[in-house]
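Bear in mind these aren't lab numbers, they're just calculated from the coordinates by the rules spelled out. Here the structure is a predicted model, which is why all the values come from computation and not from measurement. Cβ sites come from the backbone with ideal geometry, for glycine too, and all protein chains shown count toward neighbours.
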Amino acid sequence: MSITFNTEGTAQMPELDQAAIREWVARVAASYDKRVGEINYVFVDDERILEVNRQFLGHDYYTDIITFDYSQGRILSGDLYISLDTVRSNALQQPNTSYRQELHRVVIHGVLHLCGINDKGPGEREVMEACENRALAMLVAP
């Protein structure tokens, strides 16, 4: 199991208990009968996420996370690009949601995509939110 945390561009590493996140991601993966292979979190700013979105997906908009899935069978692997700017602005738009809570939601959102949970089709957003809430309840962090 290898879960790494990196930054690109002007993004600064967010304050995360990396050991707790690694354990949490492994627990969430196991709850879907999956194992963690290599997951690389890349924290970026809005301009970098827009660049990645344009270059690799042909989308011309900002987003909180882009998940590149390299999983094989039950082994989860991927690159998860997270815009800390968008995470921050999303947290501000939701009453009673801190930046830290929103960051945890986005961190696990990418893992749920690797587990096969989608959020673009009819009814899928509600399923993803329920899965996020279940996963967030599994987080043991200071």
Open item on the list: Any residue at all in region 110-119 that's over 16 Å from Val25 (Cα atoms), surrounded by fewer than 18 Cβ atoms within 10 Å (Cβ to Cβ) and under 16 Å from the mean Cα position of the chain (by Cα)?
Closed with: yes
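For (1) closer than 20 Å to His113 by Cα; (2) surrounded by 17 or more Cβ atoms within 10 Å (Cβ to Cβ); (3) touching a residue at least 24 places away in the same chain (Cβ under 8 Å), each residue gets a yes or a no:
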position	(1), (2), (3)
Met1	yes, no, yes
Glu8	no, no, yes
Arg27	yes, no, yes
Ala30	yes, no, no
Lys34	yes, yes, yes
Val42	yes, yes, yes
Asp46	no, yes, yes
Glu51	no, no, no
Gly58	yes, no, no
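Tell me, which residue of region 80-107 that is of a type in the set (D, E, K, R) and more than 19 Å from Thr10 (Cβ to Cβ) is surrounded by the most Cβ atoms within 10 Å (Cβ to Cβ)?
Just the residues of region 80-107 that are of a type in the set (D, E, K, R), to begin with: 85, 88, 100, 102, 105.
Narrowing further to those that are more than 19 Å from Thr10 (Cβ to Cβ): 100, 102, 105.
Numbers: Arg100: 14, Glu102: 20, Arg105: 22.
Among them, the one singled out is Arg105.
How about region 116-133: which of its residues are without any contact (Cβ under 8 Å) to a residue 60 or more places away in the chain and part of a loop (DSSP other than H, G, I, E, B)? Please lay out each step first, then the result.
So the first thing to find is which residues in region 116-133 are without any contact (Cβ under 8 Å) to a residue 60 or more places away in the chain, and the list is 117-133.
Matches in region 116-133: Ile117, Asn118, Asp119, Lys120, Gly121, Pro122, Gly123.
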Task: Selection from region 84-115 of residues that are part of a helix (DSSP H, G or I), more than 18 Å from Ser2 (Cβ to Cβ) and of a type in the set (Val, Ile, Thr) - done: Thr86, Val87, Val106
- [ ] Please enumerate the residues belonging to region 28-80 that are in contact with a Ser or Thr (Cβ under 8 Å, 6 or more places away or on another chain) and small (Gly, Ala, Ser).
- [x] Gly37, Ser71, Ser77, Gly78
